[in-house]
Amino acid sequence: MDETPGLRERKKAATRLALHEAALRLAIEQGVDGVTVEAIADTANVSRRTFSNYFSGKEEAIFHGDTMRLRRMLELIREQPTDEQPWTVLTRAALRLTEETYLGNMEWLIRRRQLRGHPSLASHQVAAYTVVERELAAELADRLSGDDVELRARVLAAVFLTTMRVAVQDSTEHPDRPLLDVVSAALASAAPA
């Protein structure tokens, strides 16, 4: 009886991943503008209605992998000790995420390069980062003390996520530079004084 919810969740995760992979593959093959929700659903062997149960549109399906990486970043941050300096916590989580999900994943980098700069994906990326930024700011506020905790937490979250976005973008544009090195350098240069 306990295994049923676990199995159901695994099936949902597999369907979501299949839709994401189909959306990504079609976007690379046909361009983002040439992809339809119907084509994504057909490629993933599900109905249009099933697609709608998982994603609000093709951009969300395409961006799902990045959204999951942002969620994993939050998990890693929440796992860190609460008595350490916030930037140290953020840096450690970012480097661990980079090692876990990006290193050795050239396919991700190639896909990212092929899809970068598309206006509808860029706006979806901004929206996804905004949601995570709010959650991150709330987590950081619990770790800060002193005056203007909420404002400082929001600024710290925004600086951190912007630094990560820029590091990934730089690595996409300059694939000869190892991503871990770029992330480390970017976080070091953005560290609060």
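Quick check on region 134-193: of everything there that is hydroxyl-bearing (S, T, Y) and under 20 Å from the mean Cα position of the chain (by Cα), which residue is surrounded by the fewest Cβ atoms within 10 Å (Cβ to Cβ)?
T162
Check D83 against each of (1) in contact with a helix residue (DSSP H, G or I) (Cβ under 9 Å, 6 or more places away or on another chain); (2) open to solvent by 50 Å² or more (accessible area, probe 1.4 Å) and name the one condition it does not meet.
The failed condition is (1).
Are there any pairs, at least 6 apart or on different chains, whose C-beta atoms fall under 9 Å, with the first in region 96-108 and closer than 13 Å to G65 by Cβ and the second surrounded by 15 or more Cβ atoms within 10 Å (Cβ to Cβ) and modelled with pLDDT under 65, and if so, which?
Cβ pairs passing all conditions: T101/W108; Y102/W108; Y102/L109.
W108 is checked against (1) assigned to a helix (DSSP H, G or I); (2) at pLDDT 85 or above and fails just one. What number does that condition carry?
The one condition W108 does not meet is (2).
Within region 1-12, can one find any residue that is surrounded by 11 or more Cβ atoms within 10 Å (Cβ to Cβ), small (G, A, S) and on the phi < 0 side of the Ramachandran plot?
Looking through region 1-12, none of the residues is surrounded by 11 or more Cβ atoms within 10 Å (Cβ to Cβ), small (G, A, S) and on the phi < 0 side of the Ramachandran plot.
Quick grid of which residues meet (1) more than 17 Å from Y129 (Cβ to Cβ); (2) of a type in the set (S, T, N, Q); (3) in a loop (DSSP other than H, G, I, E, B); (4) open to solvent by 80 Å² or more (accessible area, probe 1.4 Å):
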position	(1), (2), (3), (4)
I40	yes, no, no, no
N53	yes, yes, no, yes
A61	yes, no, no, no
H64	no, no, no, no
R72	no, no, no, no
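The values are calculated or read from the model by the stated rules, or taken from the named source; none is laboratory data. Keep in mind it's a predicted model, so treat the numbers as computed, not measured. Please note: Cβ atoms are built from the backbone with ideal geometry, for glycine as well, and neighbour counts cover all protein chains shown. The accessibility values were calculated without ligands, DNA or RNA, using every heavy atom of the protein model including side chains. Shrake-Rupley method; radii C 1.70, N 1.55, O 1.52, S 1.80 Å.
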